[in-house]
1. Please give the charge dipole size of segment 13-126, origin at the Cα centre, charges +1 on K and R Cβ atoms and -1 on D and E Cβ atoms. Round to the nearest 20 debye.
2. Amide H to amide H under 5 Å from Phe127: which residues, 5+ apart in sequence or cross-chain, H placed 1.01 Å off N in plane?
3. Positive end of the charge dipole of segment 13-126 (Lys, Arg +1 and Asp, Glu -1 on Cβ, about the Cα centre): tell me which of Phe50, Ala72, Leu23 has its Cα farthest that way.
4. Considering all projection directions equally, how large on average is the shadow of the alpha-carbon convex hull of segment 13-126, in square nanometres?
5. Using the Cβ atoms and a cut-off under 15 Å, what net charge is assigned to the surroundings of Gly47, where Lys and Arg are +1 and Asp and Glu are -1?
6. I want the local charge near Val62. Using Cβ-Cβ distances under 15 Å, sum +1 for each Lys or Arg and -1 for each Asp or Glu among the other residues.
7. Could you pull the Rg and Dmax for segment 7-56, using just the Cα atoms, both in Å?
Amino acid sequence: MTPAPPPPPRRGALGLLYLALRLRCPHCASGPVFDRARQRTNCPECGYRFERESGYFLGAMVVSNAVIGVVALIVMLVLIFTGRSPLVAVGLPILTALVAMPLFLPFSRTIWMALDLRFDPPNDDDFGNAGAGTSRPAGSG
Ligand SMILES: [Zn+2]
């Protein structure tokens, strides 16, 4: 069992957002999270496992829906107050949201990982292959 790397330096909200927008590992800040369009399972630099548990990236959907929803609402209000027709004022934000969702997906995942790491620091189980570094006592199953 290899011990977990030392904890990352404590970053502020802007530092975490900067890392997330660069699509870098939220733990070591240097490993790329994506290999072209595919998400890696572990950080190539520190071994941090990106999907910490089953269903982990449901939080990324919340981030994506919140950000895109706010942007669509702002676009809609601007269109309404500039006198556009109701069809344009409602249709254009919906169309924009549909186009923006897949484009924003990688960023919503890295933003979610940064937020999660901020409030739930990693332990030994979050590094390396799943199950390879567990700290379960011998003879317990
Ligand atoms: Zn890393």
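Readers should treat all values here as calculations from the given coordinates under stated rules, not as data from a laboratory. Keep in mind it's a predicted model, so treat the numbers as computed, not measured. Neighbour counts are summed over all protein chains in view; Cβ atoms, including those assigned to glycine, are modelled from backbone coordinates with ideal geometry.
1. It comes to approximately 520 debye.
2. Arg49
3. Ala72
4. 8.0 nm²
5. Residues near Gly47 contribute -1 overall.
6. Once all neighbours under 15 Å are counted, the net charge is 0.
7. 10.9, 29
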